[in-house]
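Trainee: I am attaching a structure below and will ask some questions about it afterwards.
The values are calculated or read from the model by the stated rules, or taken from the named source; none is laboratory data. Here the structure is a predicted model, which means the values were calculated and not measured. Cβ coordinates were reconstructed from backbone atoms using ideal geometry, including for glycine residues, and neighbour counts include every protein chain displayed. Remember, those area values only see protein heavy atoms, side chains included, never the ligands or the DNA or RNA. Shrake-Rupley method; radii C 1.70, N 1.55, O 1.52, S 1.80 Å.
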Amino acid sequence: MIKNYLDNISFKNLNLSEDFKKFLINNLNFDQLMAVINLNGYFLVLAGAGSGKTRVIIYRALLLLELQTPSNNILILTFTRKAIIEINDRILTFLPTSNIHIETFHSLAYKFLKKYSQNKFFKLLTIDEIITLSKKSIYYKDIKKLFCHDFIVNFLSVSKEIFFKSYTFKKLEKKQQLIIKMFFQDLDNLKKIENFYTFDDLLINFYNLLKLDLLPLTFQYIMVDEYQDTDKIQVDILKLLSKTGNLMVVGDDYQSIYSFKGTLIDNILNFYNDFSSAKTITLKKNYRSTHEIVTLSNEFSKNLKQCFHKKLISENISLKKPTLTIFKNSLDEINFIYNQIKNILKKDNNITIGILFRNYIYMEDFIKFFKSLNLEFYISPNPFLENIFKNINFSSNSNDKISFLTIHSSKGLEWDYVFIPLLLDGIIPTSIGNFNYEEEKRLFYVALTRAKKEIFLSYPLSYYNDFGFFNVPSPFIETISSNFINIKRG
């Protein structure tokens with residue numbers, strides 16, 4: 001039935017061989033096909049968790065090449081070098097000679113500025129170089145007296161505009177705020193003198209160059225991955241790049257969780273205002289998780305307010321509901337998770353396990369316990385934990401079966417089994433800083449959608465650390481009916 005519908009309506013304007021039509025139909029579901037074969041115009045593809053958004057981008061690129069679109073006319077924009085490599089490798093699997101432009105916003109800006117801007121000899125600053133340059137500032141001694149090294153690194157790691165809007169900056173004394181502002185102003189002068197650009201400078205200068213409308217742009221078809229992670233200037237850049245009117249963005253408003261980096265959920269919610277006559281295609285089928293996990297995440301997503309509501313489906317039936325276990329204390333919770341992991345590994349030593357936390361600060365007790373029992377695990381590099389645990393290797397190891405991550409760093413990843421402990425109000429959602437409650441909901445949704453086989457939720461009746469005393473269950477789990485979760489006492 002799908003094939004007939006596509007033959008009669010969607011494929012009629014595409015000059016494709018029967019073999020290539022079959023190739024698309026055999027490898028894509030109906031929603032994915034709609035996103036792939038609708039080439040002309042503005043399209044917002046709402047890609048639910050685990051719904052194959054990268055597959056859509058890859059097969060759309062393959063279709064354009066099959067239609068004899070020159071590689072030089074196709075641009076794919078994403079956000080990490082890892083994503084570039086993954087997309088490129090998968091395209092090259094099918095077409096080893098492909099030479100499509102696959103870039104981050106920053107790498108695209110860098111290449112155009114180096115080739116076409118008047119200032120071609122700028123040098124790009126890494127975070128280490130920014131710190132080195134900052135030491136030349138006349139205000140650096142004052143900054144160093146007031147703040148520790150980690151604090152200085154943190155505020156130099158983001159743009160000054162984002163930092164000035166942050167809760168961290170706003171809670172400082174007026175005198176401290178003034179010194180930081182003068183320090184940033186002096187740092188800007190030093191950058192100009194030495195012809196340095198930060199990553200933010202790249203985008204600003206690229207946008208200004210695009211506005212002149214003098215660049216020999218060849219991009220006829222543009223695709224953007226993870227559109228919910230864009231900031232304002234990136235959307236402004238897209239408006240200037242996509243003058244041909246053929247733009248497809250893929251994203252999930254449910255997974256917009258990086259406002260502290262300057263990203264705006266409004267970009268995906270207001271796509272129709274930014275790009276007139278846009279059409280929407282929703283990818284609803286989840287290939288990652290079991291039906292039971294998808295049902296739980298669907299139920300929780302009903303609590304989201306600023307979003308396009310969507311209901312995902314999964315055909316992977318396991319008959320194992322997600323579990324919520326309540327413990328007397330945190331040590332019992334940690335011991336339970338340790339024993340569950342040991343039992344899982346005994347049954348299958350090839351599985352992967354993720355333990356997800358709202359912040360790194362809550363990992364400490366888990367790390368000590370697991371270390372004391374010689375259970376190997378991976379932790380991504382982090383200054384806070386590295387100061388506490390000098391004997392732990394924080395570098396990535398693909399052979400590690402157990403990963404400790406923050407929920408933020410888990411986005412885009414998946415594991416067979418996922419544990420989300422310490423589900424207490426004030427931890428998830430956080431009570432630290434000027435947090436956005438709606439974004440905290442989306443963060444929990446991201447955590448719920450990382451598991452493929454089983455998900456284990458838990459909390460102790462009370463928990464204390466340097467950041468406070470917590471003894472109230474997270475309101476996020478209080479809203480979930482027992483129809484979707486098995487509740488146990490540990």
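Trainee: What is the magnitude of the charge dipole of the chain about its Cα centre, with +1 placed on the Cβ of each Lys and Arg, -1 on the Cβ of each Asp and Glu, and no other charges, expressed in debye to the nearest 20?
Mentor: On the way: 61 positive and 49 negative charges, 37 e Å.
Once rounded to the nearest 20, the dipole reads 180 debye.
Trainee: Going by average Cβ density within 10 Å per residue, which order do the peptides 208-218, 405-415, 421-431 take, highest to lowest?
Mentor: Values: 208-218: 12.5, 405-415: 18.7, 421-431: 21.5.
Result, highest mean first: 421-431, 405-415, 208-218.
Trainee: Which whole-Hz ³J(HN,Hα) couplings does region 176-187 yield from phi under the Karplus relation 6.51 cos²θ - 1.76 cosθ + 1.60, θ = phi - 60°, glycine and proline marked x?
Mentor: Along region 176-187, the couplings run 5, 4, 5, 5, 5, 5, 5, 4, 5, 5, 5, 5 Hz.
Trainee: Further question: Output ³J(HN,Hα) for region 324-331: one whole-Hz value per residue in order, computed from phi by the Karplus curve 6.51 cos²θ - 1.76 cosθ + 1.60 with θ = phi - 60°, and x for Gly and Pro.
Mentor: These are the phi-based 3J(HN,Hα) values: 10, 10, 10, 10, 5, 8, 5, 4 Hz.
Trainee: How do the peptides 354-361, 148-155 rank, highest first, by the average count of neighbouring beta carbon atoms within 10 Å per residue?
Mentor: Sorting 354-361, 148-155 by mean packing, highest first, produces 354-361, 148-155.
Trainee: Subtracting the Cα-Cα distance from 0.36 nm times the residue separation, let me have the gained length for Ser380 to Leu319 in nm, one decimal. Please report the intermediate quantities before stating the final value.
Mentor: Numbers: separation 61, 0.36 × 61 = 21.96 nm, distance 3.32 nm.
Between Ser380 and Leu319, full extension yields 18.6 nm more.
Trainee: DSSP loop (so not H, G, I, E, B), at most 16 other Cβ within 10 Å: list which chymotrypsin sites (Phe, Trp or Tyr not before Pro) in region 431-471 pass both filters.
Mentor: On the way: sites: Phe435, Tyr437, Phe444, Tyr445, Phe456, Tyr463, Tyr464, Phe467, Phe469, Phe470; in loops: Phe435, Phe467.
Here the chymotrypsin sites (Phe, Trp or Tyr not before Pro) that fit, given the DSSP loop and packing criteria, are Phe435, Phe467.
Trainee: Another one. Enumerate the amide H contacts of Phe389 below 5 Å, restricted to partners 5 or more residues apart or on another chain; note that Pro and chain-start residues carry no placed amide H.
Mentor: none
Trainee: Residues with beta-carbon under 10 Å from that of Asn316, excluding Asn316: net charge, scoring Lys, Arg +1 and Asp, Glu -1?
Mentor: +1
Trainee: For region 335-403, state which GluC sites (Glu not before Pro) are in a DSSP loop and have at most 12 other beta carbons lying within 10 Å of their beta carbon. Mind dumping the intermediate values first?
Mentor: Numbers: sites: Glu364, Glu376, Glu386; in loops: Glu376.
Passing both the DSSP loop test and the Cβ count: Glu376.
Trainee: May I pose another question? Of the DSSP beta bridges with both residues in the chain, give the percent that are antiparallel, rounding to the nearest 5. The partial results should precede the final answer.
Mentor: On the way: 4 of 53 bridges.
Antiparallel: roughly 10 percent of the beta bridges in the chain.
Trainee: Where Lys and Arg each count +1 and Asp and Glu each count -1, what net charge lies around Pro383 among other residues with Cβ under 14 Å from its Cβ?
Mentor: Details: positive: Lys390; negative: Asp128, Asp150, Glu364, Glu386.
Cβ neighbours under 14 Å give a net charge of -3.
Trainee: Follow-up. Would you be so kind as to identify which of Leu217, Ile355, Gln228 lies farthest towards the positive end of the dipole of the chain, taking Lys and Arg as +1 and Asp and Glu as -1 on Cβ and the Cα centre as origin?
Mentor: The residue sitting most towards the positive pole is Leu217.
Trainee: What figure, in Å² to the nearest 10, do you get for the accessible area of His106 with a 1.4 Å probe and non-protein molecules left out?
Mentor: It works out to around 50 Å².
Trainee: If you don't mind, another one. For the pair His309/Asn27, report the inter-label distance in nm, with labels modelled 7 Å from Cα in the Cβ direction.
Mentor: 3.7 nm
Trainee: Which of the three applies to the chain, rounded, prolate or oblate, going by the alpha-carbon gyration tensor with a ≥ b ≥ c and a/c under 1.5 meaning rounded? Kindly include the intermediate steps, with their values, before the conclusion.
Mentor: Details: a/c = 1.89, a/b = 1.08, b/c = 1.75.
Since a/c reaches 1.5 but b/c is at least a/b, the shape of the chain is classed as oblate.
Trainee: Any of Lys135/Lys171; Lys192/Lys232; Lys12/Lys232; Lys111/Lys141; Lys22/Lys279 with alpha carbons more than 29 Å apart? Name them for me.
Mentor: Details: Lys135/Lys171 25 Å; Lys192/Lys232 24 Å; Lys12/Lys232 38 Å; Lys111/Lys141 36 Å; Lys22/Lys279 25 Å.
Listed pairs above 29 Å: Lys12/Lys232; Lys111/Lys141.
Trainee: Express in nm, to one decimal, how much length is gained between Ser17 and Asp266 on full extension, taking 0.36 nm for each residue of separation and deducting their alpha carbon distance.
Mentor: On the way: separation 249, 0.36 × 249 = 89.64 nm, distance 4.06 nm.
Going from the current span to full extension adds 85.6 nm.
Trainee: To continue, here is another question. Return the FRET efficiency for the residue pair Asp128, Asn391: r is the Cβ-Cβ distance, R0 is 30 Å, and the value is rounded to the nearest 0.05. Please list the in-between numbers first.
Mentor: Numbers: r = 24 Å, r/R0 = 0.81.
Result of the calculation: an efficiency of 0.80.
Trainee: How much accessible area does Arg288 have with a 1.4 Å probe, in Å² rounded to the nearest 10?
Mentor: Accessible area, nearest 10 Å²: 40 Å².
Trainee: Let me ask another. When the helix-only estimate is applied to the chain (DSSP H runs of n ≥ 4, each -39,500 (n - 2.57), divided by the residue count), what is the mean residue ellipticity at 222 nm, nearest 500 deg cm²/dmol?
Mentor: Numbers: 23 runs with 211 residues, N = 490.
Estimated from H runs of four or more residues: -12000 deg cm²/dmol.
Trainee: In whole Hz, what ³J(HN,Hα) sequence does region 192-203 give by Karplus (6.51, -1.76, 1.60; θ = phi - 60°), x for Gly and Pro?
Mentor: Each residue of region 192-203 in turn: 5, 4, 9, 6, 9, 10, 8, 5, 5, 4, 4, 5 Hz.
Trainee: With a sphere of radius 15 Å drawn around the Cβ of Asp213, what net charge do the other residues whose Cβ falls strictly inside it have (Lys, Arg +1; Asp, Glu -1)? Show your work: numbers first, answer last.
Mentor: Details: positive: Lys211, Lys239, Lys243; negative: Asp236.
Overall, the nearby charge balance is +2.
Trainee: Considering amide H positions built from the backbone, and no H for Pro or chain starts, which residues 5 or more places from Gly48, or on another chain, come under 5 Å of its amide H?
Mentor: Leu283
Trainee: Let me ask you something else. When you count, for each residue, the other Cβ atoms within 10 Å and take the mean per peptide, how do 137-145, 107-115 rank with the highest first?
Mentor: Details: 137-145: 14.4, 107-115: 17.7.
Highest to lowest by the protection proxy: 107-115, 137-145.
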